[in-house]
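S.K.: First the structure, which I've put down as structure tokens, then a few questions once you've had a look.
Every number here is computed from the coordinates shown, using simple stated rules; none is lab data. Fair warning: this is a prediction, and the values are worked out from it, not measured in the lab. Using ideal geometry, Cβ is built from the backbone for each residue, glycine included, and neighbour counts are taken over all protein chains shown.
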Amino acid sequence: MGIVNIEDELHEQLRKASKASYRSINAQAAFWIRIGMLCELSPEMTFQQIVIRELKAAGVEPAAAGVALE
């Protein structure tokens with residue numbers, strides 16, 4: 001584990017986003033980092049496609065939870 005230095009404004013946005021998504025600030029930062037990395041590695045996929053792929057890989061079936069798939 002390490003420390004990441006970020007600008008104050010980005011930290012403020014993390015704080016706000018973490019409240020909206022019911023995550024800790026660290027969990028929100030980790031989510032953004034992971035999703036950003038996945039988006040860069042899969043530029044042909046949309047954000048929603050990546051999230052669905054990751055949910056399925058974790059064993060979550062979005063359709064079973066009433067989420068409409070593309």
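S.K.: FRET efficiency for Ala58 and Ile6, Cβ-Cβ distance as r, R0 = 30 Å, nearest 0.05?
M.R.: Efficiency at R0 = 30 Å is approximately 0.65.
S.K.: May I ask for the angle, rounded to the nearest 10°, between helix 47-57 and the longest principal axis of the chain, with both axes built from Cα atoms and the value confined to 0 to 90°?
M.R.: 70
S.K.: On full extension of the chain, what length is gained from Phe47 through Lys16, given 0.36 nm per residue of separation minus the C-alpha to C-alpha distance? Please report the intermediate quantities before stating the final value.
M.R.: Values: separation 31, 0.36 × 31 = 11.16 nm, distance 2.03 nm.
Extra length available between Phe47 and Lys16 comes to 9.1 nm.
S.K.: Kindly state, as a whole number, the per residue volume in cubic angstrom of the convex hull around the alpha carbon atoms of the chain.
M.R.: 126
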